[in-house]
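The structure appears below as structure tokens.
The values are calculated or read from the model by the stated rules, or taken from the named source; none is laboratory data. Computed from a predicted structure; not experimentally measured. Reconstructed Cβ throughout: ideal geometry from the backbone, glycine too, with neighbour counts over all protein chains shown.
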Amino acid sequence: MSTSPLKPVDAHLDEVLAAVSPLGSLDMTLSDAHGCVLDEDVVATFPLPPFDNAATDGYAVRTEDVRTASAAAPTVLPVVGDVLPGSTTPYTVQPGLCVRIMTGAPIPPGADAVVAREDTDGGLANVAVRRAPTVGHNIRIAGDDAAVGAPVLTAGAHLGATQIGLLAAVGRDRVTVRPRPRVVVLSTGGELVEPGLPLGRGQIPDSNSALLTSAAQEAGAIAFKVGIVPDEPSQLADTLEDQLIRADVVLTTGGVSVGTSDVVKEVLGRIGSVRFDQLAIDPPMPVGFGAIGPDKTPFFGLPGNPVSAYIAFEIFVRPALRRMIGVEPIQRPTVRARLGEALESPPGRRSYVRGALNVEEGAYVVRPVGGAGSHLIAALAAANALIVVPESVTELEPGAAVTVTLLERRHH
């Protein structure tokens, strides 16, 4: 058994983050840019909206003509035409006349207000106006949303649905973005079978590929699930070399312990430089990190146990992916919470305990879920937080204040 000291968690994370940086910028269409981080400042090159337009269906009028209109004494005006969205008809509203107008249609010259249809009798040839509008009533003024030259998005903005919509609204069909990193996920192990297939003696479904592919996507990456690769050096080497073509990061699980059948270390020695460290972390786990292939692609070798693999992903891989995307913060948010029940932790190791975080009487309370086994994925699925227990702490009593890392938020 090795007597070498355990590597501190923070030292390993610092090494990982020092080895990765934001990916180079690319020019992309809006559909491809969705989910990426903007790498340029975008300004409006024309007013938004581009022209004065109607905010409602109704009648474009001159306020002078209807200044005395009321429900008791409506003002009746002749309707000389219709203005629809996209209309180029050169109507001019002359004194004593009006035009029917639809929402979004350009305001015709002469008109200085729009009377909503519900404030009239809805007439066709003539309309009875029952309310006196003020100048500008129900008109969206050109440049109201953004004037020419006004910044609408700045570099570093995450491009979600509304940001993509805004870019389209200001006439952009392409933007410069930092692309999402492409993560290749594969599992090793002769005991693994694809989910859905019948299990033979000693076999288990490969849950890690699905777990880590989804985790990478939640972190903002594009993930490719390769699935199961046999514990055979040449097949693993061939698979890794094939996948490097499309990978910004390679992520494997299994094959990183001290067992004699572990082939990941053997293969990696041929195609890259990867170190496997025993970390001062609980659940205990060896974690590999380095670079492989001609482009020095970052490589993470995670444990085969699902809980260990997920926690290693959260602590080391997710921050690296966020750094590569170029977004801050790279760490998940944390809160302080009251511990709902006693907790023990091994000395000299930082524990990440699966927890259920709730609000009780206006304060955060967290309780451990599941046992200590790193294979208990059912308990992992029930957790919405990780309780962080420092290396120097071995026992915590109920009511103790603890730091809690928030996982994906739940919607009930």
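The figures follow:
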{"read-out": "Spans of helices (runs of 4 or more DSSP H) in segment 295-408 with at least 3 residues charged (D, E, K, R)", "value": "318-325"}
{"read-out": "Selection from segment 68-93 of residues that are modelled with pLDDT of 95 or more, over 17 Å from A116 (Cβ atoms) and not hydrophobic (A, V, I, L, M, F, W, C)", "value": "T68, P78"}
{"read-out": "Pair list, Cβ < 6 Å and 6+ apart or interchain, from segment 267-278 residues that are aromatic (F, W, Y) to residues that are at pLDDT below 85", "value": "F276/V256; F276/P286"}
{"read-out": "Qualifying residue in segment 53-62 (condition: in contact with a Pro (Cβ under 6 Å, 6 or more places away or on another chain), under 24 Å from A168 (Cα atoms) and small (G, A, S))", "value": "no"}
